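Some notes on the structure that comes next.
The values are calculated or read from the model by the stated rules, or taken from the named source; none is laboratory data. Not measured: the values here are computed from a predicted model. We place every Cβ from the backbone using ideal geometry, glycine too, and count neighbours over all the protein chains shown. Accessible surface areas use protein heavy atoms only, side chains included; no ligands, DNA or RNA. Shrake-Rupley method; radii C 1.70, N 1.55, O 1.52, S 1.80 Å.
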Amino acid sequence: MKTTILSVRAMEILDSRGNPTVRVFVELSDGTTSAASVPSGASTGENEAIELRDNDPKRYAGKGVLNAVANVNEKLGPAITGMDVFQQAMIDRRMIELDGSPNKSRLGANAILGVSMAVARAAATSARIPLYTYLGGAGARRIPVPCMNILNGGEHADNNVDFQEFMAVPLGAPSFREGVRYVAETFHVLKRILKDRGLSTGVGDEGGFAPNLESNEDAIETIIQAIERAGYKPGIDIAIALDSAATSFAVDPKGPYDLKWSGGGPMKSEDLINLAEDWVSKYPIVLWEDPLAEEDWEGFKRFTKKLGNRLEVVGDDIFVTNTQYIRRGIEEGTANSSLIKLNQIGTVSETIEAVRMCRDAGWRAFISHRSGETEDTFLADFAVAMDTGHLKSGSASRSERIAKYNRLLEIEEELEDTALYYWK
Ligand code: PGA
Ligand code: ZN
């Protein structure tokens, strides 16, 4: 007897920024119940799947998601009721067809993804296996290296740092558990350094500190100082990863750029590439995401040509987890890795396809949370299942970030000495 979907129901809850988002509940014919919550970005790519908002100024400044909730309850739910819960790709395709738009704008990517995630979790629960095993198979046992965003800038903070994320990457740790400890200790030392300099130790959207600094470079130097004072070797124990999120300081999505928050002034793609080359020669940078803006395909390509053999070049806003753009990137040599965010594309099976395309091309895939998150830990299991070796889920503070790391600690413990942990 197959296990079918009996009912699907959604409600409006709040994300970590206090904005509404969608939570979906699924019930199966065997009595299994599950739930999943959808995250939400701030520095979103132009071509992302559309998050449906009510635009009713009387509720949550227009950000309510009651229409998306109604779409789950009245359209998506009824369309997949009776389907076999283990047919994830078929269920996702049914929802995509029902939506009918190229970017899920009619029913909302937030509505569709909520159902897709809750269905996957219900299937795993029904099969009595962990979600990472259900999605990744019996071989899923590699815990991702956590790229922890301990210093925030750009659109995730109110400081004068242009680059959005400065991540500490504990790639030299012997295990995930030790990696998290390395960075959490560094995070606390960083707080002390900032305090001693009379700088703010308030945190940004992803739980990293968000002080006003002298320059973008000051951010990286301060982190390196923190790594050393915490007793670790930069580049050996803990390396650095950056997300410039360059679209957010681009004058035009094709470039040029304006380092407006730091007062650094106008820059061409070439200037940013030269700056990166200089930094890569001075600092242990192993990954650089969105060094250029979402339509600056040429700049990206030049960046990758120059630095792609020395570090992972990740496209986020430019690829938006969409195989159409990732394919172009592979053909043109735009990058050598894609960021992977479930809600940029809007279903679990399409996200898996994006990861598969990266892997087939010899690219890496970098699993990511959003700046607006919930306590849902789906991402942690997803990252283990996809076997991509790294993920980002924010800093060593704020429970919506830590929830994913805590879930990974649990998975590592569950796997005992069969758990793997390595950067590449
Ligand atoms: P977002 O930021 O969730 O605000 O888009 C994350 C990122 O740019 O990687
Ligand atoms: Zn990004």
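GLU412 sits among other residues whose Cβ lies under 11 Å from its own Cβ, and their net charge, with Lys and Arg +1 and Asp and Glu -1, is -2.
Any idea what angle helix 297-307 forms with the longest principal axis of the chain, computed on alpha-carbon atoms, 0 to 90 degrees, nearest 10? So the inclination is approximately 60 degrees. For ARG364, the amide hydrogen comes within under 5 Å of the amide hydrogens of SER337, SER338, counting only partners 5 or more places away or on other chains and with H modelled in the peptide plane. Based on the Cβ-Cβ distance from GLU12 to ARG229, what FRET efficiency comes out when R0 is 41 Å, to the nearest 0.05? Computed FRET efficiency for GLU12 and ARG229: 0.40. Within straight-line reach of LYS191, meaning a Cα separation under 18 Å, sit the following aspartates and glutamates at least 8 residues removed in sequence or on another chain: ASP158, GLU165, ASP205, GLU206, GLU214, GLU217, ASP218, GLU221, GLU228. Pairs over the 25 Å Cα-Cα cut-off, from the set LYS195/LYS404; LYS282/LYS424; LYS195/LYS268; LYS75/LYS392; LYS268/LYS305; LYS233/LYS268: LYS195/LYS404; LYS195/LYS268; LYS75/LYS392; LYS233/LYS268.
When the solvent-accessible area of segment 7-128 is split by element, carbon and sulfur atoms take up 49 percent of it, the probe being 1.4 Å. For LYS254, the aspartates and glutamates whose Cα falls under 15 Å of its own Cα, not counting residues fewer than eight places away in the same chain, are GLU46, GLU270, ASP271, ASP290, GLU294, GLU295, ASP296, GLU298, ASP316, ASP317.
Sparsely packed loop sites in segment 262-333 (the trypsin sites (Lys or Arg not before Pro) outside DSSP H, G, I, E and B with at most 15 other Cβ atoms within 10 Å) comprise LYS268, ARG310.
Among residues other than HIS369 with Cβ under 14 Å from its Cβ, the summed charge is -4 (Lys and Arg +1, Asp and Glu -1). Less than 5 angstrom separates the built amide H of ALA245 from those of GLN164, all sequence-distant by 5 or more or on a different chain.
Taking a point 7 Å from the Cα of SER200 along the Cα-to-Cβ direction, none of the residues of segment 226-249 has its backbone N closer than 18 Å to it.
In this label model, ASN55 and SER101 are separated by 0.9 nm, measuring between points 7 Å along each Cα→Cβ vector. Under 12 Å from a point placed 7 Å out from the Cα of LYS282 along the Cα-to-Cβ direction: which residues of segment 219-261 have their backbone N that close? Output list for this probe position: 219-222.
Helix content alone sets the calculated 222 nm mean residue ellipticity of the chain: runs of n ≥ 4 DSSP H residues at -39500 (n - 2.57) each, divided across all residues, give -11500 deg cm²/dmol. Share of segment 145-418's accessible area from carbon and sulfur, percent, 1.4 Å? The computed percentage sits at 45. Along segment 156-161 the Karplus relation, 6.51 cos²θ - 1.76 cosθ + 1.60 evaluated at θ = phi - 60°, assigns HN-Hα couplings of 9, 8, 10, 8, 9, 8 Hz to successive residues, with x for each Gly and Pro.
Excluding ligands, DNA and RNA, the accessible surface per residue across segment 145-418 is 34 Å² with a 1.4 Å probe.
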